[in-house]
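J.: The following block contains the structure, expressed as structure tokens.
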Amino acid sequence: MEHAYGSADEVPALLLALRSSDAEERRKALGRFYGAVHHQGDVYPCTTASLPFLFELADDVTTPDRADIVELLVSIGSEAHGRCDGPYDGSESHVEAVAAMRSRAETLIRFAGDPDVRVRRAVIPGLGLFIDDVDRASAVLRDRLSAEPSIVEQLLVVEAMATLALRLPERAEAQAMTAFAKLAADRAASPQIRLAAVVQRARCAPDHISDDTIATAIGLLREMDEAAVPAEAWCDPHRPTGSTGFGDGAPPQIVAAFEDLERRSRIHSPTTDLLRSFHWTLAAKVPQRTTLLAEQLRSHDPGARLDAIRISADLMKSWRGDHTRLITLVAEHLDASHEEVAAEAAAALNACHAIAEPAREALAAHVAAQYAAYGPDVWLTPQVHLRRSHQEAVQALARLGDERALPSILTALDGGNDAWRAAQVAGALPQAADQLVPRLCDHLRSLDLTQSLWEMSARSDLSALTALADDSAIGAITETLATAVAHELWSVACSALEALRALGPSAAPALRTIRSLITASDAQVRPAAVAALWAITGDPDEVMRPLLNLLDDSAPYRIGEAATVLAEIGPPAPEALPRLRDLLTHDYEWVRVPCAAALWEIGGDAEASAVLDTLLQAWEQNSATANEVVACLDRMGPAARPALPQLRSELHQPQRRGMYNSIDNDEKLQETSRTLVERLTAN
């Protein structure tokens, strides 16, 4: 058997270590189990094979940290159930894991009455998933709801009722809906539990959510705010999530990504998961969600506001709509007295990129106030939340092209600390290229590319230099390309070639190196070298043969890159037409779309019908292609008129779409689609 990192030979030792009398040994074993045997929720054959032994441990009252074992069991079962119940069939291991959990239903019920509250807390979610006798499960859950003294366990019970109803609707839904209605109206119950009843009822019947549902939830949020539950009443010790496997040699970008994941997993109030679930259920109801978030953001509890800010960011990143009000509400928290709230607000605005414009002045004022209070080196401050708040706000301001972000970016590039964060946004300030480019070049030259630690930082610098496209950077970029090639750092070489490509004919001093890379051993470097060669020389004869060779390649990526360059060449590349026509039947849309675009740019109106059919079919098949498809339609002019129904349909989609479903790509997609619809219907 194998787990996430290879042989599962260590699993028996991990299971034994979970019973150790040494707390540190148990902690490490549990972390390793989550990190390798149950890696990111995966369930392998060795995970399923461990279940009987985990049950043995959990059933033995002398086992230390039994609650952790029960939580692990429920996590394995829940993840396996999710895979079996999802859009893809679960593997044999998933099916067996669910069956194993259901075969232990009586054990789970016994755990639900355990004297240890943490054991009860861990098992309650499993009661709705793994007990097939609806009457028995409902009775157990009703008993637990009346017996549990703590809000946390009560909330979990109400959620388990909904889980049971959603899993077995024909037998359990009617009972659950009646129970939720009764509980929501029970003035003797706490506002948290009544809110849970409202939310779980909405989960079970999302089509019946009304404005009254939102109004009821808001009223309960206000009641909750007046009677907040102290943290000691609900907070649970942090569960080990397993080692990331990174030590001091990890790239700072990777360390930051794991820190962000850990931050997002934190629970700040007993209703954190409940409210996330409510927003997930509300989905595309953006106005109602905004109204609800406005109330959440007014809470006196910093934890509730942290949750609200994160949910606000998730809403704006996932769903279309006018988010001006929400942007403004989040921006009001930049100056919160609670530093973590301020940092989270800045991070949310930074994630909003193109739609953060309503927060521009608030961001500028926040950055200026930090300068006034802490001095010009606030970017480097050791105070964690202040540092994050400032850096995120500066990045958000820079993404808006606002030069008021420049002083901190220059400080970062001069000092080297978190310079990669500054490089991420430096390209958005072309008006300051004279100050940014020398510093980016100096920073790029300072990186020791013999260590993989700095590859990502080099790529950040090169990306910024690509955006700024300043001739004074040619020397540093060329040197970096040579170093990357010498050490076979192909990802850095590709970034350097992209930067030289952006400089065009000015990058002629690098031609010798670029030409040598057309036959490089790395598959991604070859098309990048050809693209740079074309941009610099503008000679189709020199690049045509390599491009045609790439069109015959087996790798979709290389075919697509070649087609993109051929589209730039246009009519002087007629010999590519037969192969491009053939590629319109390729089984991968990311080949068909760039080939169709190249076919249009080279062949023009004569190819319009085939190009249009290919583009629209690919768009229908994979919405991620939408940006490239619509960009080509934009260039096609009147020939794109048959695409009008699909363009109109795109504008009615509620979710973010386009490449990576990102805000920037989606906003561009909507803008271009609207412009096209107006243009194509004008005549």
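The values are calculated or read from the model by the stated rules, or taken from the named source; none is laboratory data. This structure is a prediction, so every number in the text was calculated from the model and none was measured. Please note: Cβ atoms are built from the backbone with ideal geometry, for glycine as well, and neighbour counts cover all protein chains shown.
J.: Can you tell me how many residues within the range 628-683 are among the charged types (D, E, K, R) and over 17 Å from Val593 (Cβ atoms)?
T.: Here is the first cut: in the range 628-683, the ones among the charged types (D, E, K, R) are 628, 634-635, 641, 648, 650, 656-657, 664, 666-668, 671, 674, 678-679.
Narrowing further to those that are over 17 Å from Val593 (Cβ atoms): 641, 648, 656, 664, 666-667, 671, 674, 678-679.
Number of matching residues: 10.
J.: Which residue out of Gln670, Gln653 is assigned to a loop (DSSP other than H, G, I, E, B), under 26 Å from Val286 (Cα atoms) and either touching a residue at least 60 places away in the same chain (Cβ under 8 Å) or over 24 Å from the mean Cα position of the chain (by Cα) (or both)? Spell out how you get there, then give the answer.
T.: Working: Gln670 fails: assigned to a loop (DSSP other than H, G, I, E, B).
Being assigned to a loop (DSSP other than H, G, I, E, B), under 26 Å from Val286 (Cα atoms) and either touching a residue at least 60 places away in the same chain (Cβ under 8 Å) or over 24 Å from the mean Cα position of the chain (by Cα) (or both) holds for just one of Gln670, Gln653, which is Gln653.
J.: Do any residues in the range 249-275 that are free of Cβ contacts under 8 Å to residues at least 40 places away in the same chain and of a type in the set (Ser, Thr, Tyr) have Cβ atoms under 6 Å from those of residues that are surrounded by 16 or more Cβ atoms within 10 Å (Cβ to Cβ) and assigned to a helix (DSSP H, G or I), where the two are at least six apart or on different chains, and which pairs are they?
T.: Thr272/Asp307
J.: So the check is Cβ under 7 Å with 6+ separation or different chains; which pairs have a first residue in the range 424-436 that's assigned by TED's automatic domain parsing to the domain that holds Leu465 and a second one that's crowded, with 21+ Cβ neighbours inside 10 Å and assigned to a loop (DSSP other than H, G, I, E, B)?
T.: Leu436/Leu429
J.: Would you mind stating whether Gln391 is crowded, with 16+ Cβ neighbours inside 10 Å and either closer than 16 Å to Leu363 by Cα or free of Cβ contacts under 8 Å to residues at least 24 places away in the same chain (or both)? Steps first, answer last, please.
T.: Values: crowded, with 16+ Cβ neighbours inside 10 Å: yes; either closer than 16 Å to Leu363 by Cα or free of Cβ contacts under 8 Å to residues at least 24 places away in the same chain (or both): yes.
Yes.
J.: What is the one condition in (1) out of contact with any helix residue (DSSP H, G or I) (no Cβ under 7 Å at 6 or more places or on another chain); (2) among the polar types (S, T, N, Q); (3) surrounded by 14 or more Cβ atoms within 10 Å (Cβ to Cβ) that Ser210 does not satisfy?
T.: The failed condition is (3).
J.: From Phe53, Phe33, which residue is buried (at least 21 other Cβ atoms within 10 Å of the Cβ) and of a type outside the set (S, T, N, Q)?
T.: Working: Phe53 fails: buried (at least 21 other Cβ atoms within 10 Å of the Cβ).
Unique residue meeting the criteria: Phe33.
J.: Under 8 Å between Cβ atoms, at least 6 apart or on separate chains: pull out the pairs that start in the range 103-126 with a residue that is within 14 Å of Asp68 (Cβ to Cβ) and not assigned by TED's automatic domain parsing to the domain that holds Glu71 and end on any residue that is assigned to a helix (DSSP H, G or I) and among the aromatic types (Phe, Trp, Tyr).
T.: Close Cβ pairs satisfying both conditions: Val119/Phe111; Arg120/Phe111; Ala122/Phe111; Val123/Phe111.
J.: Pick out, from the range 509-604, the helices (runs of 4 or more DSSP H) lying fully within it that include 2 or more residues that are of a type in the set (S, T, N, Q). If you could, list the steps in order and put the result at the bottom.
T.: Numbers: elements: 511-516, 525-537, 540-551, 556-569, 577-583, 589-603.
Hits in the range 509-604: 511-516.
Here is a yes/no grid of residues against (1) crowded, with 16+ Cβ neighbours inside 10 Å; (2) under 25 Å from Val286 (Cα atoms); (3) without any contact (Cβ under 8 Å) to a residue 40 or more places away in the chain; (4) not assigned by TED's automatic domain parsing to the domain that holds Leu583:
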| position | (1), (2), (3), (4) |
| --- | --- |
| Ser609 | no, no, yes, no |
| Ser623 | yes, yes, yes, no |
| Leu633 | yes, no, no, no |
| Ala640 | yes, no, no, no |
| Leu644 | no, no, yes, no |
| Ser649 | no, yes, yes, no |
| Asn665 | yes, yes, yes, no |
| Glu678 | no, no, yes, no |
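The rows are residues; the columns are (1) part of a loop (DSSP other than H, G, I, E, B); (2) more than 20 Å from the chain's Cα centre (by Cα); (3) closer than 30 Å to Ser452 by Cβ.
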{"residue": "Ala250", "(1), (2), (3)": "yes, yes, yes"}
{"residue": "Arg266", "(1), (2), (3)": "yes, no, no"}
{"residue": "Asp273", "(1), (2), (3)": "no, no, no"}
{"residue": "Asp307", "(1), (2), (3)": "no, no, no"}
